[in-house]
Amino acid sequence: MSMFSAESWTRQAIERSLRIELDYLGAFVLWVAAAFVLYHLCPDRHRKTVLLVSGIVFLAVFLDPRATLFMLAFSLVFHYATMGGGHGRGVRLWGGAALLIVVFVPVCLEGWIFDYYVNGMKVKSVVAAWALVVFSTKSVYVLHEIRIGRAERVSLEDYLIYMWGLPVGLGRSAIVPCSHFWERYRARPTAQLMTKGVTTIAIALLHLLAVPIIGLEMAAYRPDGNFALRLEEQSWLAVWLALNLFHLQIYLAKYGYEQFGIGIARLFGFDIKDNFANPLASNTYAAYWRRWNIYFRDMLVSMVYFPTLLALSRAMPKSKWLNLSLACIATFAANYVFLLFAHLLFAPPTSQSARYDVMWTLAIFDLCQALLVVFSLVVESRFPLRRGRFASWPAALLGIAITFHLRSALVLFFRVHGGFSAEDLFSILGVAFFIG
């Protein structure tokens, strides 16, 4: 009876979450339809204005007029500090970073994201939280591109469109670098680009439709606190089924939302590249990471990995694999900062101990990723997968299966929030790997 109750409660939670998602998605689809008609009826010289104004109106309605006004005002100041005036590159870089850390993040956290209580905090607006994460990440992209000289001067209109003109960025859309965003823009999208956009949207929606189907049909195998309490009743196969389904749900949702945003952008003339390269077909973990969230990975590699590897190679020219390992660890340490920031926003712990659980379990998650990537690179260098016996399809399928299962085990670290503790996490992993 208790198992039925737990499953029923899980289904209700999934259905409630799905209704919220559908409300926002439906409103966004209406915006897209209206903006699309206006955009293609306007002359070329007014099309950017349509994007900007319609996006700001959407934000004012679905976010908060005060929050939208503040973010627009901050965007003006941030643009002047980083791309306007006659400041040197160093002044623009550090000035923008200081504004972001000292002004934007604290004001948003205090004013529009959280309600604070004695024993913790509660998210007030999920959309506002997405706005904070997206704006902060895009600002880091801008600062990084200023540092490497790829975004020296972007007009105020182009900058505002990049930040807020396509409000799907407030959802789970791919966050594209500013330079790539405008390099691939065509005011009059070709028929081929329009077809490409429609196809991308259709495929993305199929992925999104599969998410609630898996969630509702497999509610009893959802890896949460209730599942952990019934762990002694579960078989090893049921535990791995829960892990793999959770991994698959995360992939389908992330792919669906991000490619949906890319498809929308293509309808408006932005021929940006896909953010995924079929990561589920990866036969090593390094290949998986290269194919997952490509824009963000490229930024981390350019911002952290290559500079670290270059500095270490100069200091220790004979320690190739040590240098590579340390560079990978530094890269995933940067990934940890972004991941922890987003995780604490959308699933704020209810106590200090829960906060520590989130911090150290996510640290383990990224450390495991770094070690798996290094191990994969060693294997790829010593046993090339495209030559000899490793080119056979059984070896490729084995590599894909191992990579998928390893990733399934790692994504469980994302469950450490709310009623799901670190003890639950390691209990499930222990059963999965025959150590508990």
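The values are calculated or read from the model by the stated rules, or taken from the named source; none is laboratory data. Note that this is a predicted model, so its numbers are computed, not measured. Backbone-built Cβ (ideal geometry, glycine too); neighbour counts: all protein chains shown.
Report, by residue number, each residue of region 173-204 that is within 14 Å of Gly261 (Cα to Cα) and aromatic (Phe, Trp, Tyr). Phe181 - this is the single residue of region 173-204 that is within 14 Å of Gly261 (Cα to Cα) and aromatic (Phe, Trp, Tyr).
Name the residue, out of Ile214, Ile294, Ile272, that is free of Cβ contacts under 8 Å to residues at least 24 places away in the same chain and among the β-branched types (Val, Ile, Thr). Exactly one of Ile214, Ile294, Ile272 is free of Cβ contacts under 8 Å to residues at least 24 places away in the same chain and among the β-branched types (Val, Ile, Thr), namely Ile294.
Matching residues to (1) surrounded by fewer than 17 Cβ atoms within 10 Å (Cβ to Cβ); (2) on the phi > 0 side of the Ramachandran plot; (3) at pLDDT below 80:
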site: Arg389; (1), (2), (3): yes, no, yes
site: Gly399; (1), (2), (3): no, no, no
site: His405; (1), (2), (3): yes, no, no
site: Ala409; (1), (2), (3): no, no, no
site: Ser427; (1), (2), (3): no, no, yes
site: Ala432; (1), (2), (3): no, no, yes
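Considering the conditions (1) closer than 27 Å to Tyr255 by Cβ; (2) at pLDDT 90 or above, Ala311 is excluded by exactly one of them, (1). Which of the residues spanning region 197-224 are at pLDDT below 85, surrounded by fewer than 16 Cβ atoms within 10 Å (Cβ to Cβ) and not hydrophobic (A, V, I, L, M, F, W, C)? Correct list: Glu217 only.
Those helices (runs of 4 or more DSSP H) of region 230-340 in which 2 or more residues are surrounded by fewer than 16 Cβ atoms within 10 Å (Cβ to Cβ) and out of contact with any helix residue (DSSP H, G or I) (no Cβ under 7 Å at 6 or more places or on another chain) occupy 306-315. Within region 67-82, restricting attention to residues that are in contact (Cβ under 8 Å) with a residue 40 or more places away in the chain, more than 23 Å from the chain's Cα centre (by Cα) and closer than 14 Å to Ala131 by Cβ, the residue that is surrounded by the fewest Cβ atoms within 10 Å (Cβ to Cβ) is Leu72. Filtered by the rule that a residue be in a helix (DSSP H, G or I) and either at pLDDT 90 or above or over 22 Å from the mean Cα position of the chain (by Cα) (or both), region 180-196 gives Glu183, Ala191, Gln192, Leu193, Met194, Thr195, Lys196.
Somewhere in region 47-56, is a residue among the polar types (S, T, N, Q) and either modelled with pLDDT of 80 or more or over 19 Å from Ser173 (Cβ atoms) (or both)? Yes: one or more hits.
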